[in-house]
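Written below as structure tokens is the structure these notes are about.
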Amino acid sequence: MTTDVYTHGHHESVLRSHRWRTVDNSAAYLVPLLERGQRVLDVGCGPGTVTTDLAERVAPGTVVGVDSSAAVIEIARASAADVAGVEFRQGDAMALPFDDDAFDVVHAHQVLQHLSDPVSALREMRRVTRPGGVVAVRDADYSAMTWYPASSGLDEWMTLYHEVTEANGAEADAGRRLLSWTRAAGFDPTGITTGADAWCWATPEERSWWSGVWAERVTSSAFARQAVAYGLADDVALEVLADAWRAWGDAEDGWFAVLHGWVLARA
Ligand SMILES: C[S@@+](CC[C@H](N)C(=O)[O-])C[C@H]1O[C@@H](n2cnc3c(N)ncnc32)[C@H](O)[C@@H]1O
């Protein structure tokens, strides 16, 4: 199994944000290529809400979600107990436990940014995709996130996030690099399509949710523990970041956007 350190871990505050995700809000770029009857692999599936949504869209096809965390695989299994055509198993993106050419679509959402060798992961994703099938990846680009009103606390959060991910050998600004990584992995450039899209939080409910998630993540998740363990922050500094998130959430004109890059690459 991978020795990479996953920056976020699976604290409830992290799962709360991952469980919000659907195909419509997180994989819309892939929808035109989905067809009933396909075999789909979701790499780094986390709690599996996108995975089960994919299963409903390709039924009677099948979707397999893999994740390196046994704990989150258990959580995904429990949540999807009533969904037909979906299964979850522990597995490493760097050594997927499947035969060559096993899937029509191999998808990874917000995963490559956490790997020390995303190019090898893309090669592995292509190996398990049948010729003519598609590899689909989407990742945020942290430096391209933008918000209002200005907040020195959120600036500090952004700096700390880059420091922690760098210490983990990960790439916070993955969105802009997906095309480059896909080409480096040897995909035929004529079979690659790329683009960008965004999440945006601006209503009172959205601000409350997004700020609440991050106020908790910066004090209670694996990210917080790593920041302290690496000597990059202490508990007081993390509380300051949580206050900054709450202040942003309370701002009546608060607005936050997350830019994502995506790539569709023919195997
Ligand atoms: C940001 S979460 C994304 C979860 C899900 N794709 C979603 O968008 O809701 C990244 C997931 O990748 C998993 N992960 C990290 N490194 C991995 C690896 N080498 N192989 C498989 N999964 C990995 C983590 O355990 C985590 O659940």
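FYI, it's all coordinate maths here, none of it is from the lab. Keep in mind the model is a prediction, meaning the values are calculated, not measured. Every residue, glycine among them, receives a Cβ derived from its backbone with ideal geometry; neighbour counts consider all protein chains shown.
Classify the stretch 146-243: rounded, prolate or oblate, from the alpha-carbon gyration tensor (a ≥ b ≥ c, eigenvalue square roots; a/c under 1.5 rounded; otherwise prolate if a/b is larger than b/c)?
Numbers: a/c = 2.92, a/b = 1.52, b/c = 1.92.
The shape class here is oblate.
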Seminar exercise, completed: Scoring the stretch 1-121 by relative contact order with C-alpha pairs under 8 Å, at least six apart, yields a percentage of 28
Problem set entry | Alpha-carbon Rg with Dmax, taken over the chain, Å | 18.2, 53
Exercise. Please state the relative contact order of the chain as a whole percent: Cα pairs under 8 Å, 6+ residues apart?
Worked result: 23
Seminar exercise, completed: Quick calc, Glu74 & Ala237: beta-carbon distance into FRET formula, R0 45 Å, rounding 0.05, result 0.85
Exercise. Which of Gly133, Met1, Ala222 sits closest to the plus end of the dipole of the chain, meaning its Cα is farthest towards the positive end, when Lys and Arg get +1 and Asp and Glu get -1 on the C-beta?
Worked result: Gly133
Problem set entry | Translational diffusion of the stretch 1-131, µm² s⁻¹ [Kirkwood Rh, Cα pairs; Stokes-Einstein; 10 °C; 1.306 mPa s] | 109
For this session: Take the stretch 82-157, drop everything but the C-alpha atoms, weight them equally and run the Debye formula without solvent; then report log10 I(q)/I(0) at 0.15, 0.17 Å⁻¹ to two decimals.
Result: -0.65, -0.75
Exercise. Along each of its three principal axes, how wide is the spread of alpha-carbon positions in the stretch 87-224, in whole angstrom units, largest first?
Worked result: 48, 31, 29
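Quick one: grab the alpha carbon gyration tensor of the stretch 41-105, order the square roots of its eigenvalues as a ≥ b ≥ c, and give me rounded if a/c is under 1.5, else prolate or oblate depending on whether a/b is larger than b/c.
oblate
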For this session: Using a 10 Å cut-off on Cβ atoms, rank the peptides 199-207, 165-173 from the highest mean neighbour count down.
Result: 165-173, 199-207
Problem set entry | Cα-based helix-to-principal-axis angle, 235-250 vs the chain, degrees rounded to 10 | 80
For this session: Just report the Cα centroid separation between the stretch 92-135 and the stretch 200-221, whole Å.
Result: 31
Exercise. Any idea what Rg and Dmax come out to for the stretch 117-167 if you just take the C-alpha atoms, in Å?
Worked result: 16.9, 49
Exercise. By its C-alpha gyration tensor, with a ≥ b ≥ c as the square roots of the eigenvalues, how is the stretch 1-64 shaped: rounded for a/c under 1.5, else prolate for a/b larger than b/c, else oblate?
Worked result: prolate
For this session: With θ set to phi - 60°, apply the Karplus curve 6.51 cos²θ - 1.76 cosθ + 1.60 along the stretch 40-46 and write out the HN-Hα couplings as whole Hz, x wherever there is a Gly or Pro.
Result: 10, 10, 10, 8, x, 6, x
For this session: Take each of the peptides 101-109, 224-232, average the number of other beta-carbon atoms within 10 Å over its residues, and list them starting from the highest.
Result: 101-109, 224-232
Exercise. Under the rule of -39500 (n - 2.57) per DSSP H run of 4 or more residues, summed and divided by the residues of the chain, what mean residue ellipticity at 222 nm is obtained, to the nearest 500 deg cm²/dmol?
Worked result: -11500 deg cm²/dmol
Seminar exercise, completed: Computed for the chain: size of charge dipole around the Cα centre, +1 on C-beta of each Lys and Arg, -1 on C-beta of each Asp and Glu, debye to nearest 20, value 860
